[in-house]
Amino acid sequence: MTVPKSTPPPLQKPNRANLTGKDMVGSMLFLAVAILVLMGVLGRCSFNPSGPDPQSIPARTVDLETDLPRAADRVDFPVRSPEPGADWQATTMRVDELTPEGDQAVRVGWLTPDGSYLRLSQAVADEGALVRYEARQDPRGQGVVTAADLEWVHYLGERDESIWVTEFDGTMLLLTGSAAESDFHQMAEAVVAADVVAAD
């Protein structure tokens, strides 16, 4: 006569009420060690209590040799391609509509060598419309400055950033940003000396 085998009881999770503080601490330590090992293996994690360092984040770059001819093809005025210096980095390029009537501006932004920002806008438009578009508020006139042998009307715009605007060869040129005055002068010289871009 054979004795029937007894079936073992099914496995069950331990009741949480039976877990002790020691069990919880052990689980947390295990998870912490596992995370630290993964971080060490991947080498892609770092801790900075003050947040990311803006200087360590690479800025986006645009290819003006490709993008400016395309922009020139979309507007009905000559577009210049300034070269302010090899250590300037073009980061943005847009064609924006300034007014409901369809006035457009070609706007290019650069990071200067010290990491400040300066934007050049080129347009055939009323000076007031162009300045208001860039200032995002009613601009405050500050007088006139001379750069690249031209007189530029100086305004203050958003966050008290300088705005310089002048007319050159039938086109309005506008400079604005957080850059130093010396950078404004350098860009003014560059755009006045620049060649007109051939449309695509």
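The values are calculated or read from the model by the stated rules, or taken from the named source; none is laboratory data. None of the values given here were measured: they were computed from a predicted structure. When the accessible area is computed, the model is the full protein with side chains, heavy atoms only, and any ligands, DNA or RNA have been set aside. Shrake-Rupley method; radii C 1.70, N 1.55, O 1.52, S 1.80 Å.
Its alpha carbons give segment 51-200 an Rg and a Dmax of 14.8, 47 Å. Using 0.36 nm per residue and subtracting the Cα-Cα separation, the extra length available between Ala199 and Asp96 on full extension is 35.4 nm.
Expressed as a whole percent, the accessible area of segment 81-186 that falls on carbon and sulfur atoms is 41 (1.4 Å probe).
The calculated Kirkwood hydrodynamic radius for segment 110-187 is 12.4 Å, given to one decimal from all distinct C-alpha pairs. Relative to the current alpha-carbon distance between Glu181 and Glu65, full extension at 0.36 nm per residue lengthens the span by 39.1 nm. With Cα atoms defining each centre, segment 124-145 and segment 83-108 are spaced 16 Å apart in the structure.
For segment 59-200, the solvent-accessible area of protein heavy atoms averages 50 Å² per residue (probe radius 1.4 Å; ligands and nucleic acids excluded). Size of segment 151-200 from its Cα atoms: along the principal axes, largest to smallest, the extents are 36, 23, 19 Å.
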